[in-house]
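Q: This is the structure I want to talk about, given as structure tokens.
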Amino acid sequence: MGNTKKQNLSPIDRKIRWRNWLSLTGFTLFIFAAIFFWLKLKNQPLDNDIAGGVQIPLRKVLNANEKVFSKTFSKQNLAKAYPKSAAAKVVRLNGALGLMTDLDDKNWRLNVVRAKGDTLKLTLADLQKLPKTQVIFNFKCIEGWSQISDWAGVRFSDFIKAYHLDKLTDKKYIGLVTPDGEYYVGIDMDSAMQPQTILCYEMNGKPLPLNQGYPLRLIIPVKYGIKSLKRIGVLSFSEERPPDYWFERGYDYYAGL
Ligand SMILES: Nc1nc2c(c(=O)[nH]1)N[C@H]1C(S)=C(S)[C@@H](COP(=O)(O)O)O[C@H]1N2
Ligand SMILES: [Mo]
């Protein structure tokens, strides 16, 4: 009987049967292969150096992913760098809030508030002993001008490491204030720790001019100029947004580019 059935099959029916057989076999093979690879992966050694270790082949994939994402993140977050030849010789000047009183050069210190009643007092020489980083970028003011300029100082993140302030970077913000308290800004920690943010003491390879922030200013290329506070007196760390001069006057707190 079966024979007659087979003979009676039309070419179309045969094709359907053949296809059914093929897909069923293919699917079975796929399941076996999946089980095989899963068992193989399960028996791979763990990367035991970390808590909640995963199999080494999986870790390799995770590492590759991480590389891609950290690269795209930091690229997005990096201000364009320029060659020295592009930097202005005559650097624009803007804003003198907090610079109106005479600077007491001898007694100036960078006051780093580690906790209430615990303030680290640093001289300019202390900061100059740390590795120097040069930053040449397009400085942008919210008033509408921009200019490529050349600055140097110690990376904020290098300064943090050198003075063992790492724990304080768990806080959300840093606050900067001029010695007279007239100008003040708040900056989110991620931007402060970005590798182009410097505690700056040089412009075009020379000490900062008085009106551009001598002895120490912030240079933060991922923000508008308002955040690059000149003549830093006090640096503090906080979970809440520190007061910000231009935020109080209606500008965006973040002031990112
Ligand atoms: N102490 C202080 N820092 C300041 C300002 C200010 O008025 N006082 N103005 C800000 C603004 S709006 C800009 S654009 C830059 C200008 O820096 P420059 O004078 O070196 O060009 O400084 C910023 N830092
Ligand atoms: Mo500005």
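The values are calculated or read from the model by the stated rules, or taken from the named source; none is laboratory data. All values derive from a computational prediction rather than experimental measurement. FYI the Cβ positions are ideal-geometry reconstructions off the backbone, even for glycines, and counts take in every protein chain you see.
Q: Taking the stated definitions as given, is residue 127 closer than 19 Å to residue 163 by Cα, assigned to a helix (DSSP H, G or I), in the same structural domain as residue 208 (by TED's automatic domain parsing) and away from ligand 1 (no atom under 16 Å from the Cβ)?
A: yes
Q: I'm trying to understand the selection: among the residues of region 240-257, which are at positive phi and either part of a strand (DSSP E or B) or under 18 Å from the mean Cα position of the chain (by Cα) (or both)?
A: Within region 240-257, just 255 meets the criteria.
Q: Here's another thing I want to ask about it. Return the total of residues in region 219-250 being more than 14 Å from residue 103 (Cα to Cα), touching a helix residue (DSSP H, G or I) at 6+ places or on another chain (Cβ under 7 Å) and within 16 Å of ligand 2 (Cβ to nearest atom).
A: 4
Q: Any chance you could count how many residues in region 208-257 are within 23 Å of residue 170 (Cα to Cα) and of a type in the set (Gly, Ala, Ser)?
A: Number satisfying all stated conditions: 6.
Q: Looking only at region 204-243, which residues are more than 12 Å from ligand 1 (Cβ to nearest atom) and charged (D, E, K, R)?
A: Across region 204-243, the qualifying residues are 206, 239, 240, 241.
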